[in-house]
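Structure first, commentary second.
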Amino acid sequence: MPELTAPIAGNVWKILIAVGDKVELDDEVIILEALKMETPIYSDDSGTVTAIKVKEGDAVNDGDVLVVID
Amino acid sequence: MIDIIKDLIFTSGLMNLTGGNLVMWLVAFVLLYLAIKKQYEPLLLLPIAFGILVVNLPLTFLMEPEHGLIWFFYKYGIDLDIIPPLIFLGLGAMIDFGPLIANPKTLLLGAGAQVGLYVTFFAAILFGFDLKEAGAIAIIGGADGPTTIYLGSKLAPHLLGATAVSAYAYMALVPIIQPPMMKLLTSDHERKIVMPKLRPISRLQKICFPIITAMIIMLVVPPAAPLISMLMLGNLFKESGVVERLSKTASNELMNIVTIFLGLSVGATMTAAVFLNPRVLFIFFLGLFAFVISTASGLLMAKFMNLFLKDKINPLIGAAGVSAVPMAARCVHKVGSEANRRNYLLMHAMGPNVAGVIGTVVAAAILLKNLG
Amino acid sequence: METDWSKVMEVFASGILGVYLVMVLLMVLTQFSNWLIGRYELATRKPEPEPSKEA
């Protein structure tokens, strides 16, 4: 199950998808905030979102799982 | 009765206004506008602007030696070197040296950007400034307010206002100043380089770093001591994890208190006589020059290093050697993500960014040693 | 105004050289201490599942 992990540490600012959505490679799925800067995170895969492991406002570290896509 | 009114009028500041004062009021109002409306570095610019305004109201004697309120702030805060080191204490308590420790090569990028300082020094001499003045102007390229003020107060206090305002203004303008240079000196291919994840750093490493750094720098370049000792102490507060009260105070209350006195004192050095001088325009020009050249030298250093590295670094992070923390790092990230959406350079850029802070202090110390 | 060009060059050269020397020194010592600390931590590490670190 391909997991999309956070490439940098930051806070989850916006979640742009929901469980069950279809996503394509390179779609913007989540926006993190790091050092007061919006950092969009793009999908590694095409498929369906099976799980979202964070909610808006969570602090995440480098490598934390954000979303699971099948 | 008439005499009382006459007396009131003649001792009022109003009668002693010069044209220069009025021009400085305009400068103060512009800076107030930039600070309040456009929110350019308001924490510094607002007190600076107000300092300019009050010192250009005659007969207040606010800056009168041994008597003026603000003179005391200046004398004990800046002249006696207390405020800039305290700002560094707060800065250290907020800085994360992790990305630097993870990739110590970025220290060389911090050094690379400082080359721009010395080029600016040279340029300042060509513009007719004397050695000490040129040093105070060159340090603007270090993009570090407290270091600029520290060096300026020691080498050329009459230029302090202009150099400080330049430094803070251009720091706010980094997102505009840097990208053109970054795109000029790097190829599209280079900008797309993805850098491997930073390795995790242990707590012990983060504790040893400030201690080692402080010792080495103070042993090799003693004039750096006031600034580097405070910077590293602040960082030690943060990383040790055992003095959270001190760390919090240093990064919040202390920083805020000191910033108030700093801004006001620096602004109050800018009397009409000192500021309204064509050479001030040169300073603003040279300040911009310093930022541009430092960005370039950082970028070029990164490209140079890539000739010897197996795992290439993205040369954009070289620009973050200009230690406007974290503006330059953010700028690098943005330009990098424009080239390659999946490139998250922010943390990688923080390495050179904080290395640049150290580099600027070292550069200032060496200038002080040579020119002080 | 008299410009002492030899002094200018001295400041310029010693400055650039000086900054690089200090930073290289710092870099080497940081790498060394990282290595040292890494070895120490490896030696005192209790056996537990850990992601392997690469220097």
Exercise. Obtain the nm distance between the two label points defined at residue B:122 and residue A:59 by a simple spin-label model: each point lies 7 Å from its Cα along the Cα-to-C-beta direction.
Key: 4.6 nm
Exercise. Could you list C:32, B:97 in order of exposure, starting from the residue whose Cβ has the fewest other Cβ atoms within 10 Å?
Key: C:32, B:97
Quiz item: Using alpha-carbon positions, what is the distance between the centroids of region B:278-347 and region A:1-32, in Å?
Solution: 29 Å
Quiz prompt | Convex hull volume of region A:3-69 per residue (C-alpha atoms, cubic angstrom) | solution = 63 Å³
Practice problem: For region B:207-314, state the average projected area of the convex hull of the C-alpha atoms over all orientations, rounded to one decimal in nm². | Solution: 10.9 nm²
Quiz item: Between residue B:11 and residue B:38, what FRET efficiency follows from the Cβ-Cβ distance if R0 is 45 Å, with the result rounded to 0.05?
Solution: 0.75
Quiz item: At what distance in nm do the modelled label points of residue A:15 and residue B:276 sit from each other, each positioned 7 Å from its Cα along Cα→Cβ?
Solution: 6.2 nm
Practice problem: Could you calculate the contour length gain from residue B:66 to residue B:130, that is, 0.36 nm times the residue separation minus the distance between their Cα atoms, to one decimal place in nm? | Solution: 20.1 nm
Self-check item: Size of charge dipole - region A:3-69 - debye, nearest 20, with Cβ of Lys, Arg +1 and Asp, Glu -1, no other charges
Solution: 240 debye
Quiz prompt | Kyte-Doolittle mean at least 1.0, axial Cα span of 24 Å or more - DSSP H helices of chain B | solution = B:19-36, B:106-126, B:203-220, B:278-306, B:346-371
Practice problem: Determine one quarter of the surface area of the Cα convex hull of region B:84-371, which equals its mean projected area, and express it in nm² to one decimal. | Solution: 14.3 nm²
Practice problem: Could you tell me which of the pairs B:6/B:37; B:105/B:248; B:206/B:312 are separated by over 32 angstrom between their Cα atoms in the structure shown? | Solution: B:6/B:37
Exercise. Assign unit charges at the C-beta atoms only (+1 for Lys and Arg, -1 for Asp and Glu), then state the dipole size of the protein assembly as shown relative to its Cα centre in Debye, rounded to the nearest 20.
Key: 600 debye
Practice problem: Enumerate the calculated ³J(HN,Hα) couplings along region A:33-46 in order (Karplus 6.51 cos²θ - 1.76 cosθ + 1.60, θ = phi - 60°), each rounded to whole Hz, writing x wherever the residue is Gly or Pro. | Solution: 10, 9, 6, 6, 10, 6, 10, x, 10, 10, 5, 7, 8, 9
Exercise. Give me the distance between the Cα centres of region B:17-91 and region A:45-70, rounded to whole Å.
Key: 49 Å
Exercise. Of the options B:155, C:5, B:84, report the single residue whose Cα projects farthest towards the positive end of the charge dipole of the protein assembly as shown (beta-carbon charges: Lys, Arg +1; Asp, Glu -1).
Key: C:5
Practice problem: Could you list which residues have their amide H under 5 Å from that of residue A:60, counting only those 5 or more apart in sequence or on another chain, with H placed in the peptide plane? | Solution: A:10, A:11, A:12
Quiz item: Given only helices, namely DSSP H runs of n ≥ 4 each adding -39500 (n - 2.57), what is the per-residue ellipticity at 222 nm of the protein assembly as shown, to the nearest 500 deg cm²/dmol?
Solution: -19000 deg cm²/dmol
Quiz prompt | Using distinct alpha-carbon pairs, which all enter the 1/r mean, Kirkwood radius of region B:112-204 in Å | solution = 15.3 Å
Exercise. Could you run the Karplus curve 6.51 cos²θ - 1.76 cosθ + 1.60 with θ = phi - 60° over region B:190-196 and give me ³J(HN,Hα) per residue in whole Hz, x for Gly and Pro?
Key: 5, 5, 8, 4, 8, 9, x
Quiz item: With labels modelled as points extended 7 Å from the Cα through the Cβ direction, what inter-label distance (nm, one decimal) is found for residue B:253 paired with residue B:219?
Solution: 3.6 nm
Quiz prompt | Linear extension gain, residue B:29 paired with residue B:192, 0.36 nm per residue minus alpha-carbon span | solution = 54.3 nm
Practice problem: First measure r as the distance between the Cβ atoms of residue B:173 and residue C:39, then evaluate 1/(1 + (r/R0)^6) with R0 = 51 Å and state the FRET efficiency to the nearest 0.05. | Solution: 0.65
Quiz item: So for the protein assembly as shown, taking the charge dipole from beta-carbon charges (+1 Lys/Arg, -1 Asp/Glu), which of C:25, A:32, B:251 sits furthest toward the positive end?
Solution: C:25
Self-check item: Taking N as its residue count, the alpha carbon Rg of the protein assembly as shown over 2.2 N^0.38 Å
Solution: 1.06
Quiz item: Please state the equivalent ellipsoid semi-axes for region B:30-161: what are the square roots of 5 times the Cα gyration tensor eigenvalues, largest first, in whole Å?
Solution: 29, 20, 16
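Since every read-out is calculated from the coordinates, none of them should be taken as a lab result. It should be emphasised that the depicted structure is a prediction, and the values quoted were computed from it without experimental measurement. Neighbour counts run over all protein chains shown; Cβ positions are idealised from the backbone, glycine included.
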